[in-house]
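Take a look at the structure below.
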Amino acid sequence: MNAAAQSAKTTYREALREALRDALRADPRVFLMGEDVGRYGGCYAVSKGLLAEFGEERIRDTPLSEGAFVGAGIGAALGGMRPVVEIMTCNFSLLALDQIVNNAATLCHMSGGQFNVPVVIRMATGAGRQLAAQHSHSFEGWYAHIPGLRIVAPATLDDARGMLSAALRSPDPVLIFEHIFLYNMEGELAGHWRSCELQGAAVRREGADVSLLTYGASLYKCLEAAEALSRAGISAEVLDLRSLRPLDDAGIMASVRKTHRALIVDEGWRSGGLSAEITTRIVEQAFYDLDAPVARICTAETPIPYPMHLEQAALPQTATIVTAAKELCGK
Amino acid sequence: MSIEFRMPALGADMEHGILTEWKIAPGDVVKRGDVVAVIETQKGAIDVEIFDSGKVEKLVAEPGARVPVGGVLALLEGEAQAGAAPPLSAPASIAPLPAATLPASVAVSKGPRRKISPAARARAQALKLDLDTVIATGPNGTLTLQDIETAAKKLKPAASAGGMREVIAAAMARSKREIPHYYLSLMIDYSAARAWLDAHNAKVPVTARVLPVVPLLKAIALAAQQIDGFNGYYIESQYQPAAAVHLGVAVAQRRGGLMTPAILDAQNKSLDELMQALSDLVSRTRSGHLRASELAAGTLTVTSLGEESVDAVFPIIYPPQVAIIGAGTIAPRAWPIDGRIESRTTVQLSLAADHRVSDGRAGARFLGRIRDLLQTPEKL
């Protein structure tokens, strides 16, 4: 029906849309709910055209109340449905934090395994569009702290295309974080979205001198950095974490054991964040393979600035990644 | 160094006191806690204790003087004690602060801790590399894997005895291929030589003691000059006898391998000189400081495995030499004398010689001559 679905060339946004269409067609229990997902076609146009195709029962506009509609989604999941709840951005998810952490994450445990909560919650995340402090968060690392949740961050077109159905197969709550900068990303699907796993890191570029460990939109900054580093004689390996909870310890350690140097690039803040967790795991599991301390590039420890030059200065950038990697390698 | 005894604050709101009476005089020795003065305050007369120890140098305040709190009352010679001013109501003795002592473990410091990456440490251990010998060139002075690799590369040539084994293999294979060896062996009574050695060694300091093998070396050198066919080179189908006896001595190396440097002109050296030359050669062989001439110069070689406790050695000639003598353990053995069996110090000598140059008769005479020379060790 849609030519874009047949050809491999697509955008991240379109890949997400196709993933939703696949899911809606394959399973009548699946439905999409959230603010502006129906008539408006989604804040980021991900669900454009889906209301017309699937109708009001399957594409449901919700009131402006995250606590209410996330709770309703959890209830629907408990009741046997497979809801895909869209929270416009992770910034607004704070209003549904109690639902996510105290209901979705805990009901399986608290019911002694009697109730699963197979809800998928999709959220846009990240900074860089001058949306200022309250609308530029990266909370995926924060959510990765909570047992009972699965946290994924698709960074490639194939993962955007494939992770939703993998998430819908999970009996447990899955939070999918889509970086706002990726929606417009163009490219070709490689095809392995068909066998997409919900966990496991992926080596996006092989290298021997330093491991760049990252996820989400930072992946592309790391790939750019790796290219620049190779011109400086440093061979950087780039590992896309894909799943932040659970983390792929084996994948991370395999890379660190090979290169002996680790540089974590995380758009979250450093203090008590995902980069700190990964560093600790490396120290616990691959200490004797380290030839240098673990390094990390994170967003500066301030609320995200509004003016463009300050926002860019606060976020991880390709140039800072290159500099840090060179320092690690003693160059 | 003068210590000032100052007017204490004997009450929170005290501003001054009147020194009523001194209980000390210049020259007195006071110790901490002694009552030294009576001071009048609004609350009455108080006996005041001094909180330093020392000899009273000068009484600054006169009796009757009104001195503000903190004003100097007297001067002492001596050590100031660490401690607070005494409290008002009950001047308690203040325990002196303990002198700072470093715990024994902290006091021993080897200097700043080196920054060595875990991976570098692990690799150094695997290579049995001493980290103290590795130079750190990583960021911030860290010793990294790269530094270990660099150090390991530098060591490689010296570390392996592989090259030497190949050289020995080539020489020995050639020897066996080209030289028709014949073998003779003779058990020798070494008692006379031993007795002479013991007597000699008893008279000299330890560093000058002569090893048991040395008289043998001299006897061999002399015999090689007296009997033709055993000292020289076989080159291009011709035997070239050598005038001097440069006696090659087989020295085992610590890492495996064997070298045979020569004691030059062994026939002319006294036993003491031979001993010196021998120890010098052995130590320089082991430390890798031999001269090329010493390695190439041997005209006849002796190999002694005495310490290894074998009875006899069947050696291989080092080409282009034409003979080699082996000596087994110098040990007491049963020896028939005048129909009796006695225990005598003996050594089994063996000769391997080039049959193109000499024959068994000559070889037997050669060994016999060595034996005879050893019976009169004082003439060696």
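The values are calculated or read from the model by the stated rules, or taken from the named source; none is laboratory data. Computed from a prediction, not measured in an experiment: that's the story for all the values here. Note: ideal-geometry Cβ built from the backbone for every residue, glycine included; neighbour counts use all protein chains shown. Ligands, DNA and RNA are excluded from the accessible area calculation, which covers all protein heavy atoms including side chains. Shrake-Rupley method; radii C 1.70, N 1.55, O 1.52, S 1.80 Å.
Among the DSSP beta bridges whose two residues both lie in chain A, what percent are antiparallel, rounded to the nearest 5?
So the antiparallel bridges amount to about 20 percent of the total.
Between B:Ala195 and A:Lys258, the FRET efficiency estimated from the beta carbon spacing at R0 = 56 angstrom works out to 0.20. Relative contact order for chain A: 16 percent, from Cα pairs under 8 Å spaced at least 6 residues apart, divided by residue count.
Electrostatic bookkeeping for A:Ser271 treats Lys and Arg as +1 and Asp and Glu as -1; over the other residues with beta carbon under 15 Å from its beta carbon, the sum is -2.
Assigning unit charges at the beta carbon (Lys, Arg +1; Asp, Glu -1) and nothing else, what dipole magnitude in debye, to the nearest 20, does the protein assembly as shown show about its Cα centre? Display every interim value, and only then the final one.
Numbers: 72 positive and 76 negative charges, 561 e Å.
For this selection, approximately 2700 debye.
Taking the Cα centre of segment A:205-331 as origin, work out the dipole magnitude from +1 charges on Lys and Arg Cβ and -1 charges on Asp and Glu Cβ, in debye rounded to 20. Walk me through the intermediate numbers first.
Values: 13 positive and 17 negative charges, 30 e Å.
About 140 debye.
Only beta bridges with both residues in segment B:260-376 are counted; by DSSP, about 75 percent of them are antiparallel.
Considering only B:Pro112, B:Gly71, A:Gly148, the residue lying farthest towards the positive end of the dipole of the protein assembly as shown is B:Pro112, judged by Cα position with unit charges set on Cβ.
Summarise the accessible area of the protein assembly as shown (1.4 Å probe, protein heavy atoms) by the percent that is carbon and sulfur.
On the way: 19140 of 34950 Å².
About 55 percent, which is the carbon plus sulfur part of the accessible surface.
For segment A:195-267, the square roots of the Cα gyration tensor eigenvalues, ordered a ≥ b ≥ c, give a/c of at least 1.5 with a/b greater than b/c, which places it in the prolate category. Since only A:His179, A:Ala96, A:Leu20 are under comparison, the one whose Cα sits farthest along the positive direction of the charge dipole of chain A, derived from C-beta charges on Lys, Arg, Asp and Glu, is A:Leu20.
Have a look at B:Gly326, B:Gly138, B:Gly78 and tell me which one the Gaussian network model of chain B (Cα, springs below 10 Å) gives the largest fluctuation. Maximum among the listed residues: B:Gly78.
Going from the chain on its own to the full set of protein chains, segment A:283-300 has these residues losing 20 Å² or more of accessible surface (heavy atoms, 1.4 Å probe, no ligands, DNA or RNA): A:Phe287, A:Tyr288, A:Leu290, A:Asp291.
Phi angles of segment B:57-67 translate, via the Karplus equation with coefficients 6.51, -1.76, 1.60 and θ = phi - 60°, into HN-Hα couplings of 8, 8, 8, 7, 7, 7, x, x, 6, 9, 10 Hz per residue; Gly and Pro are given as x.
Leaving ligands and nucleic acids out of the surface, order A:Lys258, A:Lys48, B:Lys128 by accessible area at 1.4 Å, largest first.
Working: A:Lys258 90, A:Lys48 135, B:Lys128 180 Å².
Sorted by accessible area, descending: B:Lys128, A:Lys48, A:Lys258.
Tell me the net charge near A:Phe92. Cut-off is 13 Å between Cβ atoms, A:Phe92 excluded, with +1 for each Lys or Arg and -1 for each Asp or Glu. Taking every other residue near A:Phe92 into account, the sum is -3. Binning the C-alpha pair distances of chain B at 20 Å intervals from 0 yields a P(r) profile of 21, 26, 15, 12, 16, 10, 0 %, listed from the shortest bin outward.
Do any of B:Lys176/B:Lys379; B:Lys153/B:Lys176; A:Lys221/A:Lys258; B:Lys31/B:Lys58; A:Lys221/A:Lys326; A:Lys258/B:Lys115 go past 26 Å between their Cα atoms, and which? Beyond 26 Å between Cα atoms: B:Lys176/B:Lys379; B:Lys153/B:Lys176.
Each label point was placed 7 Å from the Cα along the Cα-to-Cβ direction; for A:Gln130 and B:Glu21 their separation is 9.0 nm.
Divide, for chain A, the radius of gyration over alpha carbons by 2.2 N^0.38 Å, where N is the residue count.
Numbers: Rg = 19.6 Å, N = 331, 2.2 N^0.38 = 20.0 Å.
In units of the 2.2 N^0.38 Å rule of thumb, it is 0.98.
Note on B:Arg340: accessible area approximately 120 square angstrom, rounded to 10, probe 1.4 Å, nucleic acids and ligands left out.
Measuring nothing but how far apart in sequence close Cα pairs (under 8 Å, 6+ apart) lie, relative to its length, chain B scores a relative contact order of 14 percent. Angle of helix B:191-203 to the longest C-alpha principal axis of chain B, folded into 0 to 90 degrees and rounded to 10: 30°. Rolling a 1.4 Å probe over the protein heavy atoms gives segment A:230-326 an accessible area of 42 Å² per residue.
For the protein assembly as shown, with the dipole built from +1 on Lys and Arg beta-carbon atoms and -1 on Asp and Glu ones, taken about the Cα centre, which of A:Val322, B:Ser175, B:Leu127 lies farthest toward the positive end? Positive-end residue among those listed: B:Ser175. Taking every protein chain into account, the accessible area of chain B amounts to 56 square angstrom per residue (probe 1.4 Å). Ordered from largest to smallest accessible area (heavy atoms of protein chains, 1.4 Å probe), the residues B:Tyr318, A:Tyr220 come out as A:Tyr220, B:Tyr318.
State, to one decimal in nm², a quarter of the convex hull surface area for the C-alpha atoms of segment B:251-380, i.e. the direction-averaged projected area. The partial results should precede the final answer.
Working: hull surface 38.3 nm².
The orientation-averaged projected area of the Cα hull of segment B:251-380 comes to 9.6 nm².
Put simply, the Cα atoms of the protein assembly as shown extend 126, 113, 51 Å along their principal axes, the longest span coming first. Database remark: amide H of A:Thr62 closer than 5 angstrom to the amide H of A:Gly34, A:Glu35, A:Asp36, A:Val37 (H placed geometrically; neighbours at sequence offset of 5 or more, or on other chains; Pro and chain starts carry no H). The solvent-accessible area of A:Cys196, taken with every protein chain present and a 1.4 Å probe, is close to 10 Å².
Charge dipole of segment A:72-217 (Cα centre as origin; +1 on each Lys and Arg Cβ, -1 on each Asp and Glu Cβ, all else neutral): 240 debye, rounded to the nearest 20. Between A:Glu53 and A:Ala232, the simple label model (points 7 Å from Cα in the Cβ direction) yields a spacing of 4.5 nm. Using heavy atoms of the protein chains and a probe of 1.4 Å, the accessible area assigned to B:Arg291 is about 130 Å². Residues of segment B:50-70 with an amide N closer than 11 Å to a point placed 7 Å from the Cα of B:Glu4 along the Cα-to-Cβ direction: B:70.
Nearest 5 is fine: what % of DSSP beta bridges in the protein assembly as shown come out antiparallel, could you say?
Working: 62 of 106 bridges.
Percentage antiparallel, nearest 5: 60.
Close amide H pairs (under 5 Å, H built 1.01 Å from N) link A:Gln130 with no residue at least 5 positions away or on another chain. A straight Cα-to-Cα reach below 15 Å connects A:Lys9 with the aspartates and glutamates A:Glu18, A:Asp158, A:Asp159, A:Glu186, A:Glu188, residues fewer than 8 places away in its own chain not being considered. Relative to the dominant Cα principal axis of chain A, helix A:12-26 is inclined by about 40°. Computed over segment A:7-145, the quotient of the alpha carbon radius of gyration and 2.2 N^0.38 Å is 1.06. At a 1.4 Å probe, which residues in segment B:127-143 are at least 40 Å² less accessible with all protein chains present than in their chain isolated? With the partner chains in place, segment B:127-143 has these residues losing at least 40 Å²: B:Pro139.
Which whole-number percent gives the relative contact order of segment A:203-331, counting Cα pairs below 8 Å spaced six or more residues apart? Present the calculation step by step, with values, prior to reporting the outcome.
On the way: 222 pairs, mean separation 37.3, N = 129.
After rounding, I find 29 percent.
The contact between chain B and chain A removes approximately 600 Å² from the accessible area (both sides summed; 1.4 Å probe; ligands, DNA and RNA excluded).
Computed with a 1.4 Å probe over protein heavy atoms only, the accessible surface of segment A:50-206 comes to 42 Å² per residue.
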